[in-house]
Structure formats: C-alpha cells, structure tokens
Amino acid sequence: MNLMTPTRDLATTEPICIAVMAMGGQGGGVLVDWIVALAESEGFVAQSTSVPGVAQRTGATIYYVEMIRARADGRYPVLALAPMPGKVDVVIGAELMEAGRAMQRGLVTPERTTLIASSHRSYAVQEKIAPGDGIADDGKVYRAAQVAAKRLIAFDMAALAEQTGSAISAVMLGALAGSNALPLPRSAYEAAIRKAGVGVEASLRAFAAGFDGAVKPAAKAKPDTDAGAPKLQGIGDAQFDALVERARAEFPADAYALLAAGLRRVVDFQDIGYGREYLDLVATFLPFRRGDAALISAAAKYIAVAMAYDDVIRVADLKTRADRFKRVRTEVVAAPDQVVDITEFMHPRMEEVIGTLPAKLGLWLEARPRLVRALDRVVNKGRRVRTTTIRWFLPLYILAGMRRFRRGTLRHKREVAHRDAWLDAARTAAASNEALARAIIELRRLVKGYSDTHARGLSKFDRALAAAVRLRDRSDAADWVRRLREAALADEDGKALDGAIATIATL
C-alpha cells in the first residue's frame, strides 16, 4: 500500500480517534496500553476505554483511544468514552471479520478512516456450529473494505506473530506505525514497547515485521492449487508403505490425494489392519467407474470419514497427545519455563459409556432401562477436566489405550453395520447410475461430531438415505439426493429436510 500523509490535521484541535476490534486473548488491551503510552510520551493527552465481549474467544471487545495535543495552558480536554460512527480515524481489526464488524457499526468511512486488519480468520461460534459450511465469505469483507475505508492495509498478522515468536498485538502496533496514520515517529512506538518491559525482544521483532508488512505491498504469488495436498507416499514404515504401494497399483491417480488423506486418517484412528479394510472398501467401487475418478474420490473421502468416527476413545486419544500440548504452548506463546494449564469441558452421556463396553455387555445393559437411567444420573454431568494434571491425564490416557479393544465394542459394531448398509445402497445405485451412487456416498457429510451432534446428524442421514433409495428409479435421482443433502445442512432441527422429503413423497 502506498503511504499517504493524513489530509486532516491530527495534532491540533480535534482528537485522534482509534478503535481496536479484537477477541479475547488477542492482546487488544496490550496494544491499547502501548498506544496510550507512546502518545503520552510525545506530548499528547490520551484516554482509553473498552467494552468487553461475553467470553474468551466468543465475544469481541471494542477498545477505544482518543488522543489530543496537550494544551499549553494546562487545561485538560474532555474526551469521549466510545467511538462515534463517522468520527474514527484509525480502525484496527485483529481478525478479518472484526474489520467487517467495524464497518457494520459505521466506524469506517471513506473520507476519514485508515483500516488496518489481519487477513487471517478465527472462526466465530456461528460459523463453527452451522450444520453445513457456515464460513463467511472473506471476499465480501475485502470488497466492502476497499469501498468503505479511505485506506486499507491488510495482511496475515497472525502468521507474522507466529514467525517472530510474539503476539499479534505487537504486529498490529507495527502496522499502525507503518501506516503513517498517526503523527508519531517509529522510535516512539519502539520506546513504548521497551518501557513496558515484557517480552521486549520478541515484541520488537514482531513490531518490525508488522511495520514492513504495512510499508511494503504484499507480493502476489501465483496460487498453488496443490499446496498442502496430501501426497500418496510412504512414511518409512514397511506395513504402511505396503498399503501405499497397493493404492498406487489399484486406484486412479486422480484419487491419490484423497486416498492419502483417508489412509493416514484410518490408520491413525486404529491400526494397519484398519487401513487394509479401508482400501478394500474403496476398491469395491472400482468396477463401477465409467469415466473420471469422481466416484472413487468420493468413496475415498467419505469411507474414511465413516471409519474414523468420533467416539470417547478417539476424543481421549486426541486430548492426551504430546503434539497437542506442544501446539497449545505455541499458540499461547509460552516460554519454556512457563507452566501452561489446560482445562477442558466434558459432558459424557451414558450412551457414550455403553458404546465403549463389549458388545454383549452393552446390549445387556441397554436392556435394563431403569439401571441405565440410574447410572446416567451419575455420568451425565458437565465436568471441567484439567488434562495437564495426573488426576485427569492418566484416566484419559488409559481410555485412549482402549482403542486396541475398539473392534469388540458395541459402538464399533453398530458403526460397521450402519456403514455397510450405506455402502450397499451406494453400490446398488452405481450398477445403473454412477451419479446417484456418488450423491449417496456424499450424504455421509451429514454425520459428524459426537454425543448430541452425532445423534442429530445420524438421524438426518438415515432419513435422507431412505428417501434416496426410494428415488433410485428416477432419472433425476442424483439431483434430488443432492437437494436432500443441502436441505439437511440448512438448519439444525431438520425442518428443511422434512420439507424436502415431503415433496419427494408427492412425486
């Protein structure tokens, strides 16, 4: 972005107004403290306020700073406590959608506002809980920002924070300095960081990276469509590499990426034998392939999803892995000598407990509803579990080790029966209609998560699959099954799906 000297005199009679939009944990308060400190060091009177969100990571906080040159007569100005739409000089968004919310509030105007935003995404709760793809369109925010702001500076500040071993607040301060939106020298910003005395060297590195990001336009790299795609290659383990060679020999190259991801997922979920079972199931669709690899790719993706279901053994495994604790320490920028404590919220139901039992014992227990209800009153409670303590880590670690017995559990036997019925329906359809078979396979997208989330998705899946089977003699059956899938993803309660099924019943 080209630098511009502000056309309005920001250093005399009117206060300079700065709004910072950040979520809990992103260092908005630290950023504001730095801004106030550097303003006061340069002869300004500065005031900051904040309106916090409802909770860490779910509520956005608005921080507001007003600063004005101190008067020679010593009279203290009256400064506002909250930003006024149309009267903000600088808006800083710690995440792309925070910049979007600032625009919605009218804080960004083309006559006045420099908008500085990190281009990375921290998905909102509403985006995460949507049954389908609830992720907001980044492009709309960019297009709106180019119209709404006088000047837009946007780049991935979170990535720079990670690279420099600091917090995003320091990168945002550097971007503010690099924008030249305030009549303050770079040295004043750096002095404010040093004066704070906490993580100085790392913060200065992040500040410099943010400054350069604002001054130097980002290079436009040619998009790499294969970046990050899993490759179908060995890992040095003889048994796993044998599965890779089998996949290369039997399956079309266009399906390699999904086969690689699926194979890694199911082997990580269970063992090498489970990987062989996965390839066997995908291979059952090879005789029905008539053109491209679309059917095989869909089978490779969704069979892996079905086989690596989320049970309590899997949850315990993921929560006790060493790389998870390492990732959390990296995310919170913890020093080697700092203690990081992790508290999880868990709410098990008796259904999950029964599912982990040997199949015969689980069925015996299910046949005694009074006993199940009594046990559920003990089990079905929300618990805050500190997985960084021996008291909770050890039971979860032992539970994760039960995966060697998973094939004998009631939950696994039911998952296998359900999976096989679904694949039988897809293979029956594939004999005459490859497009319908693919649409039936893709219905598996409806099943996800565990506990209540899994139960709701499974219910939708079963209803949609039953309707799909009734449709298989129609020439437009594949289109109708895709409509069923989209209707099921439209709302959590399944009302749209019920409506689509009712429409099918009249055909």
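For Asp452 and Val469, calculate 0.36 nm times their separation in residues minus their Cα-Cα distance, and state this gained length in nm to one decimal.
Working it through step by step, the gained length comes to 3.5 nm.
Before rounding to the nearest 500, sum -39500 (n - 2.57) across all DSSP H runs of length at least 4 in the chain and divide by the residue total; then give [θ] at 222 nm in deg cm²/dmol. Kindly include the intermediate steps, with their values, before the conclusion.
Numbers: 23 runs with 269 residues, N = 507.
Taken over the chain, the calculation gives -16500 deg cm²/dmol.
Just check the range 422-507 against the gyration tensor rule for me: Cα atoms, a ≥ b ≥ c as the square roots of the eigenvalues, rounded for a/c under 1.5, and otherwise prolate or oblate depending on whether a/b exceeds b/c.
Details: a/c = 2.36, a/b = 1.38, b/c = 1.71.
Here the range 422-507 falls in the oblate category.
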Karplus couplings for the range 72-86 from phi (6.51 cos²θ - 1.76 cosθ + 1.60, θ = phi - 60°), rounded to Hz, Gly and Pro as x? 5, 7, x, 6, 9, x, 9, 10, 6, 9, 8, x, 10, x, x
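Restricting the count to DSSP beta bridges whose residues both fall in the chain, what percent are antiparallel, rounded to a multiple of 5? Write down the numbers at each step before the final one.
Working: 21 of 34 bridges.
Antiparallel bridges: around 60 percent, rounded to the nearest 5.
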Is the shape of the range 60-173 rounded, prolate or oblate, going by the alpha carbon gyration tensor and its root eigenvalues a ≥ b ≥ c, with a/c under 1.5 for rounded and a/b larger than b/c for prolate? prolate
Under 21 Å Cα to Cα from Lys319, which lysines show up? Leave out anything in the same chain fewer than 8 places away. Lys128, Lys381, Lys448
Protein chains only, probe 1.4 Å: how do Arg411, Arg404, Arg314 rank by accessible area, largest first? Arg404, Arg411, Arg314
Accessible surface of Phe393 in the full protein assembly, 1.4 angstrom probe, to the nearest 10 Å²? 60
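Residues with beta-carbon under 14 Å from that of Ala80, excluding Ala80: net charge, scoring Lys, Arg +1 and Asp, Glu -1? Let's see the in-between values first.
On the way: positive: Lys87; negative: Glu14, Glu66, Asp89.
Combined, the nearby Lys, Arg, Asp and Glu give -2.
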Please compute the net charge surrounding Ser432, taking Lys and Arg as +1 and Asp and Glu as -1 over other residues with Cβ under 10 Å from its Cβ. -1
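Accessible area of the chain with a 1.4 Å probe: how many percent of it is carbon plus sulfur? Working shown, then result.
On the way: 14220 of 25750 Å².
About 55 percent, which is the carbon plus sulfur part of the accessible surface.
Leaving ligands and nucleic acids out of the surface, order Lys195, Lys460 by accessible area at 1.4 Å, largest first.
Details: Lys195 175, Lys460 15 Å².
These residues rank, largest area first, as Lys195, Lys460.
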Nearest-0.05 FRET efficiency for Tyr142 and Met84 at R0 = 22 Å, using Cβ-Cβ distance, is 0.30
Protein-only accessible surface order, largest first, of Val447, Val51, Val416 at 1.4 Å: Val51, Val416, Val447
Share of alpha-carbon pairs per 10 Å distance bin for the chain, given as whole %: 3, 15, 21, 21, 18, 13, 7, 2, 0
Magnitude of the Cβ-charge dipole (Lys and Arg +1, Asp and Glu -1) of the chain about the Cα centre, nearest 20 debye, reported as 1240
Determine how large the accessible area of Asp138 is when every protein chain is in place; take a 1.4 Å probe and give Å² rounded to the nearest 10. 50
Part-to-part distance (alpha-carbon centres) for the range 445-473 and the range 335-357, which is given in Å: 28
Kindly report, to the nearest 10 Å², the accessible surface of Phe211 as traced by a 1.4 Å probe over protein heavy atoms only. 40
Using the Karplus curve 6.51 cos²θ - 1.76 cosθ + 1.60 with θ = phi - 60°, work out ³J(HN,Hα) for each residue of the range 357-362 in order, rounded to whole Hz, and write x for Gly and Pro. 7, x, 3, 5, 5, x
For the Cα atoms of the chain, what angle does the longest principal axis make with the long axis of helix 369-379, in degrees from 0 to 90, nearest 10? 30
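Classify the range 315-373: rounded, prolate or oblate, from the alpha-carbon gyration tensor (a ≥ b ≥ c, eigenvalue square roots; a/c under 1.5 rounded; otherwise prolate if a/b is larger than b/c)?
Numbers: a/c = 5.95, a/b = 3.28, b/c = 1.81.
Cα axes put the range 315-373 in the prolate bin.
Using a 1.4 angstrom probe, figure out how much accessible area the chain has per residue, in square angstrom, rounded to the nearest whole.
Ligands and nucleic acids excluded, the figure is 51 Å² per residue.
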On the first, second and third principal axes, largest extent first, how far apart are the outermost C-alpha atoms of the range 244-373 in Å? 52, 52, 22
log10 of Debye I(q)/I(0), alpha-carbon scatterers only, for the range 306-464 at 0.18 Å⁻¹: -1.17
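The values are calculated or read from the model by the stated rules, or taken from the named source; none is laboratory data. Remember, predicted model here, so these are calculated numbers, not experimental data. Positions of Cβ are backbone-derived with ideal geometry, glycine not excepted, and every protein chain shown enters the neighbour counts. Quick note on the areas: whole protein, heavy atoms, side chains included, nothing else; ligands and nucleic acids left out. Shrake-Rupley method; radii C 1.70, N 1.55, O 1.52, S 1.80 Å.
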